[in-house]
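Student: Got a structure for you, written out below as structure tokens; questions coming shortly.
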Amino acid sequence: MKLYEYEAKEIFARYGLPIPRGRVIQEPKMAADIISEIGGPVVIKPQLGVKGRGKAGVILFASNPQEAIENSKSILGKTIMGEKVEMLLIEEKVEVSSELYLAVTVDYSMAKPVMIASSSGGVDIEEVAKEESESIRKIPVIISRGILEEDLDPLISAFDAFDSSVQSQIRQFASMLYHIFGDYDAEITEVNPLALAGNGSVIALDAVLNIDEDSLFRHPELIKRRGKNEEEFQLEQLCREMSWTYIEMDGDIGILSSGAGLTMAILDLIQQGGGSAANFLDTAQMDADGIYKAFDLFYQNPKVKLILVNIFAGLNRCDDLAYGIKRYLRDHQLKVPLVVRMIGNREEEGRNILKGINVEAISGMEEAIEKAIEISK
Amino acid sequence: MSILAGSHTKVIVQGITGSAARLHTKVMLDYGTQIVAGARPGAAGEVVCGVPVYNTVEEALLHHQIDASVLFVPGRVVKNAAEEALDAGIRLLVIVAERVPLHDTITIVEKAEEYGATIIGPNTPGLISPPEHTKLGFVPSQYYTPGPIGVASRSGTLTYEIVSRLTSAGIGQTTCVGVGGDPIVGLSFPRTLALFEKDKDTDAILLICEIGGTMEEEVSELVKKGKISKPIFAYIAGRTAPVGKRVGHAGAIIEGNRGTIESKLQAFEGAGIPVAFTPADVIGIARKIL
């Protein structure tokens, strides 16, 4: 789960990390109040889940209340990089003398947290990472030991060119950032840029904090955070409850399958066969109740023109699942064709239940997919 | 022969009193797995499917020799249970749970390395050795049969789908290891392959892969360096998955250039590892290799 910049900065502030003064707004006219409070030029930043705002040129500035309102109006409610802007963070404009970079993330190949630092922060950090890797310092962390003062030396050496006061501020910052990473079960926390201000102080101009979804039970306050909208929030809740991975796509075949790898393989076979998927629904474990709820979800989605169900009953039973389908079709008039592939435990019994409601169960996976593609065309 | 576990392996089931654990304890016992004890705090004295239950792994060790633990506990308490087993001296852990917090997995894997222990998973159906009639986890054994192929997979149901076709075609398996679908797992592909390389009954190795991560690329490097001499063949799921979205396993997400299908296909090609385009193609390649 990716927190918005302002949410990450609220957490940073609680840990005593320096951030610019400012507030989040949803009404353009509020921008005027903030600029009066701050008493100087401000920066106006749309709160988005995607990266690359700086490069997209959607970070604006204002030096008087009128301009702040105008510029806020020009981006609030607009769709930027595929996302609707519902909030702006308005904060004081900081005089920057250098843009630095600090992050704590996970190196998945090493299976360890890593701290990363560079004196060349800013919008081009990805290029810096590729081209001049010597300006980037990376240190792995032993998670059970955490970060001790001296562990940070090789990291802080990235900032040799700066005076000792700056280095010690960065050191403190880095150590606190690691605490945030640990306390919040982060996948990544990143500050880019970490600015060296004209007055010699170090301050976080941006803040990234992505939380591991599987750790949310340890952070109930984050589950309750404002969702993007009620509908999306409901869907996320449903998926959590059912242990579904559900992703909407652009095509017309609704896929219901169990197991991530197998569902991905089905998606591949559909696309390779010239079909297109309307969604990707992987149930960790297929059961009758899950089938019922999934059909409901497909039923409400106008993009789904055909439902493809793949049942491979290894631990569960075909007859149970067939009964789930039967129950749904008893309660609802299904408006789209249904293709069912079914093999495994009690296959024959399952097949007979489906036959009773005029649904043919196909045993070959490729055959079922071909049929689904053919009908959907 | 087999890798990691066989008919001699003495197993404890942690969380044995849960409903899924009870079911799979029975299924594992029926298949032939030697389950000698169960553990569950507060349940000492109970008996599940004839297996005595103790409060802790340490307590069970006072009465039994134990080589491996299968953890049937929810993701949020896996860390405690795994640390308990590791501290008690168990050196092979199978963690079937999904949704184990990332930082907990890192902590467990780190601790296992210190102890020289092997973690299978998290997020795995476990492992099965058909010639030994032994399985640790919930792999449905009816799709497996003894034979010369070693299988390592990041997926559950996709493995049953593919292995059941191998079995139908008369091609059996030595051991099938589900390494787990998470971005960080204990026993990775490279280490699993090193075990198959040493197993005299394994003639060829099938890798069931997914996009995301770098395990496939690491395997290719090992092969190029000559560390693995047995023939390897592969299937990769997620060729057409949208970039940047968590489609399927958390480990299957593509970020930046890491773990793309192109990167994996190129790596396998460079190492001379044939890749099946569809699950059905796997059988043809297996026949050619054997």
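Student: How many Å² of accessible surface get buried when A and B come together, counting both sides, probe radius 1.4 Å, rounded to the nearest 100?
Tutor: Chain pair A/B: roughly 4000 Å² of buried accessible area.
Student: Taking every pair of alpha-carbon atoms in the range A:230-376, what share in percent sits in each 5 Å bin, from 0 to the bin with the longest distance?
Tutor: Result, from short to long distances: 2, 10, 21, 25, 23, 14, 4, 1, 0 percent.
Student: So which residues of the range A:103-121 lose at least 40 Å² of accessible area, probe 1.4 Å, when you go from the chain by itself to every protein chain present?
Tutor: Buried on complex formation: A:Tyr108, A:Ser109, A:Ala111.
Student: Considering only protein heavy atoms and a 1.4 Å probe, what is the carbon-and-sulfur percentage of the accessible area of the range A:21-93? All intermediate terms of the calculation are to be shown ahead of the outcome.
Tutor: Working: 1890 of 3610 Å².
With neighbouring chains kept in place, the figure for the range A:21-93 is 52 percent.
Student: Shifting gears a bit: Per residue, what accessible area does the range B:140-289 have, given a 1.4 Å probe and all protein chains present, in Å²?
Tutor: Spelled out: the 1.4 Å probe surface of the range B:140-289, per residue, equals 34 Å².
Student: In a Gaussian network model over chain B where Cα atoms closer than 10 Å are linked, find which of B:Gly259, B:Gly272, B:Gly213 has the largest mean-square fluctuation.
Tutor: Result for chain B, Cα springs under 10 Å: B:Gly272 fluctuates most.
Student: I would also like to ask the following. With springs only between Cα atoms under 10 Å, which of A:Pro41, A:Pro18, A:Pro302 fluctuates most in a Gaussian network model of chain A?
Tutor: Per the Cα network of chain A with a 10 Å cutoff, A:Pro302 tops the list.
Student: Here is a further query. Taking only Cα atoms, what is the 0 to 90° angle, nearest 10, from helix A:288-299's long axis to the longest principal axis of chain A?
Tutor: 70 degrees
Student: Continuing with this model, one more query. Under a plain spin-label model, where a point goes 7 Å from the Cα along Cα-to-Cβ, how far apart in nm are B:Ser168 and A:Val50?
Tutor: Once both label points are built, they end up 4.3 nm from each other.
Student: Okay, moving on. Within the accessible area of the range B:1-77, what % is carbon and sulfur when the probe is 1.4 Å and the other protein chains stay in place?
Tutor: Reported share for carbon and sulfur atoms: 55 percent.
Student: Which angle between 0 and 90 degrees, to the nearest 10, do you get for helix A:164-183 versus the longest principal axis of chain A when only C-alpha atoms count?
Tutor: 20 degrees
Student: Still on this model: Please list, or write none, the aspartates and glutamates whose alpha carbon is within less than 14 Å of the alpha carbon of A:Lys224, excluding same-chain residues fewer than 8 places away.
Tutor: Straight-distance partners of A:Lys224: A:Glu7, A:Glu213, A:Glu232, A:Glu236.
Student: Excluding same-chain residues fewer than 8 positions from A:Lys371, which aspartates and glutamates have a Cα within less than 12 Å of its Cα?
Tutor: Once the sequence-local aspartates and glutamates are set aside, what remains near A:Lys371 is A:Glu360.
Student: Among all the lysines, which ones have a C-alpha under 28 Å from A:Lys112's C-alpha, if same-chain residues fewer than 8 places away are not counted?
Tutor: Result set, ordered by chain and number: A:Lys2, A:Lys9, A:Lys51, A:Lys130, A:Lys138, B:Lys79, B:Lys111, B:Lys224, B:Lys225, B:Lys227, B:Lys245, B:Lys264.
Student: Then there's this: Using θ = phi - 60° and the Karplus form 6.51 cos²θ - 1.76 cosθ + 1.60, what ³J(HN,Hα) does each residue of the range B:131-142 get, whole Hz, x for Gly and Pro?
Tutor: x, 9, 6, 10, 9, 10, x, 10, 4, x, 6, 4
Student: Moving to a separate point now. Using amide H atoms built in the peptide plane, which far-off residues or other-chain residues are under 5 Å from B:Ala39 H to H?
Tutor: Correct list: B:Val13, B:Gln14, B:Gly15, B:Ile16, B:Tyr54.
Student: Next question, about the same structure. On a 0 to 90° scale, report how tilted helix A:5-14 is relative to the longest principal axis of chain A, with both axes built from alpha carbons and the result rounded to the nearest 10.
Tutor: Helix A:5-14 sits at roughly 60 degrees to that axis.
Student: How big is the antiparallel share of DSSP beta bridges in the range A:230-376, given as a percent to the nearest 5?
Tutor: About 25 percent, rounded to the nearest 5.
Student: Would you look at the GNM of chain A, springs on alpha carbons closer than 10 Å, and say which of A:Asn310, A:Asn210, A:Asn358 moves the most?
Tutor: Comparing A:Asn310, A:Asn210, A:Asn358 in a Gaussian network model of chain A, the most mobile one is A:Asn358.
The values are calculated or read from the model by the stated rules, or taken from the named source; none is laboratory data. Note that this is a predicted model, so its numbers are computed, not measured. Neighbour counts are summed over all protein chains in view; Cβ atoms, including those assigned to glycine, are modelled from backbone coordinates with ideal geometry. Heavy atoms of the whole protein, side chains included, go into the accessibility calculation; ligands, DNA and RNA do not. Shrake-Rupley method; radii C 1.70, N 1.55, O 1.52, S 1.80 Å.
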